[in-house]
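The block underneath contains the structure these notes are about, expressed in structure tokens.
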Amino acid sequence: MERDMQEGDLLEGGVPSNGFHFLEVNPHTGGIRDLFKYWVFGDVISGAKFLDGSDPVGVGTDVVDHRWVILVSVMVRKVVMFFKKPLEWTGILVEFLLNLVSLNGGFLGLFCNFILAQVVMPCRDSDTFISAIGNLDGRIDLYKPDLVMEDYGGLTDDERLMKIEMGNRFMMDLCIMASKLAYENSKVVKNVVIHRWKMHFVDFYNCWNDYQKQLSTQVFILCDKPVNANLILISFRGTEPFDADHWCTDFDYSWYEIPELGKVHMGFLEALGLGNRANKGSFQNLLLNYNTLGEKQARASKIVGDSNSTNSRALYPEMEERNAYFVVRSKLKDLLTTHKNAKFVVTGHSLGGALAILFPTVLVLQEELEMMRRLLGVYTFGQPRVGDKQMHNFMESHLNYPVPKYFRVVYCNDLVPRIPYDDKIFLYKHFGVCLYYDSLYNEKRVDEEPNRNFFGPKFLIPEYLNAFWELIRGLLMGYLHGPEYEEGWFSILIRTIGLVLPGISAHSPRDYVNSVRLGREQ
């Protein structure tokens, strides 16, 4: 599968010339006037300014046929980026206030401490500072295994962990809790893994996204025990609610096509450190021609050569230390060598779910078959689409046979699993076993969640009615299911936002935790 780049494979600017195709939706290459003309008058020339592709004729056709889809991608990203700094400052303020109230024992405690001049001030990098996601759902303990693993009664904790397997509810709970924990800082993650879960914390990585030019991809690794581990878990951080770049990645419908693999979401590849759209040939180089970390500089120099006039160190910045895919792959190899009987699970919520399924996909593409043999499975929650039907076919034999290894959990009207769109221009398709939960937490195994592109008019009224029901349900959860499920004021506030944007409020990890713990198969 692996081959060296030949001279002439890349056109000027890194655009592939040997059958590799791409389509980029760029909100910055056109202005508001172009967007208005495209939206109101269907002006093809104005719409085409937002698209760049390897097939110029196809791009022109796509502009005419799929105006609404392109318009949503461009508008959402323009609006989000316009409010990038205010959104960031709002996030800092909200998290500070949430932690200020929490650390001082609630609003009443904060008032008393203020009077006594004993206010406890939050410190962002401490092991007590909790993210907005963590404040939305304060549960950190794992579900009681003996309540869900009836067949394993009488076993010790270590023996139970040896029995965990894909499809059992304890594994699902471990994965959603790890996906939720990934939103916290490294000190909080380490503290919870060691002291609350009684597991072995391996490391927390803050990785480089070369397109965003920042450390915006986070992932942590744990083992069930430090010696002779049976389970290695990799958890990617998802879309942070106040991070404009993360939301733009979710609503970016650009793709890059690898012939054997198919079309893959360009933004998710960049988040894993597998290329940069500024030099689109880098995707091909890293995915197909970059298989061994020890050959980093030699191969990068050989691949790029003089034709790109790009410094190899600038194109591939210290990958084994900074780029998520290479960091995790390298550490996972070491762990699998150390723990001979261990298998690994990959998980994530939202954007983290996309990276979780993309990671083993690239392992297969790069023929890391021994590592894939040790894959126990993948659990994702509220995951956006990552590729097309060809990618589904490519991965099916590795994830579905002889037993299913990839479970994609979707809660009710969550918007994020419905993007990027599944239509003729972008061709994004979900794959894997879909566990769909309705607002009563009833579980169904389906091929695709209802209303797969979210904006269907016949679903509009039911979505808002359901959001109203979720608000009422949130007020009653403590009475219906016990204090563990009681929702605080911050969660109720998010439920009220759902009355305006139901698909956003339904994306909360709280409903995914509830789905796993309360859900039963219909």
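Key figures for this structure:
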read-out	value
Single residue of segment 449-458 satisfying the filter (surrounded by 15 or more Cβ atoms within 10 Å (Cβ to Cβ) and either at pLDDT 80 or above or of a type in the set (D, E, K, R) (or both)) that is nearest to Pro509 (Cα to Cα)	Glu449
Within segment 373-387, considering residues that are outside any strand (DSSP E or B) and open to solvent by 10 Å² or more (accessible area, probe 1.4 Å), the one farthest from Lys343 (Cα to Cα)	Arg373
Condition met for Leu369 (touching a residue at least 12 places away in the same chain (Cβ under 8 Å) and aliphatic (A, V, I, L, M))	no
Residue within segment 395-413 that is crowded, with 17+ Cβ neighbours inside 10 Å and touching a His at 6+ places or on another chain (Cβ under 7 Å) present	yes
Within segment 107-118, tally of residues that are of a type in the set (A, V, I, L, M, F, W, C), closer than 26 Å to Asn185 by Cα and open to solvent by 50 Å² or more (accessible area, probe 1.4 Å)	1
Members of segment 83-106 found to be open to solvent by 40 Å² or more (accessible area, probe 1.4 Å), assigned to a loop (DSSP other than H, G, I, E, B) and without any contact (Cβ under 8 Å) to a residue 60 or more places away in the chain, listed by number	Gly105
Within segment 207-240, tally of residues that are under 22 Å from Glu270 (Cα atoms) and surrounded by fewer than 16 Cβ atoms within 10 Å (Cβ to Cβ)	3
Output for segment 328-372, where each listed residue is among the β-branched types (Val, Ile, Thr) and either open to solvent by 10 Å² or more (accessible area, probe 1.4 Å) or within 17 Å of the chain's Cα centre (by Cα) (or both)	Val328, Thr337, Thr338, Val345, Val346, Thr347, Ile357, Thr361, Val362
Unmet requirement for Lys333, which otherwise passes all of (1) modelled with pLDDT of 95 or more; (2) more than 30 Å from Tyr183 (Cβ to Cβ); (3) among the charged types (D, E, K, R)	(2)
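The values are calculated or read from the model by the stated rules, or taken from the named source; none is laboratory data. Keep in mind the model is a prediction, meaning the values are calculated, not measured. Here Cβ is always computed from backbone atoms with ideal geometry, including for glycine, and neighbour counts include all displayed protein chains. Surface areas here come from the heavy atoms of the whole protein model, side chains and all, with no ligands, DNA or RNA. Shrake-Rupley method; radii C 1.70, N 1.55, O 1.52, S 1.80 Å.
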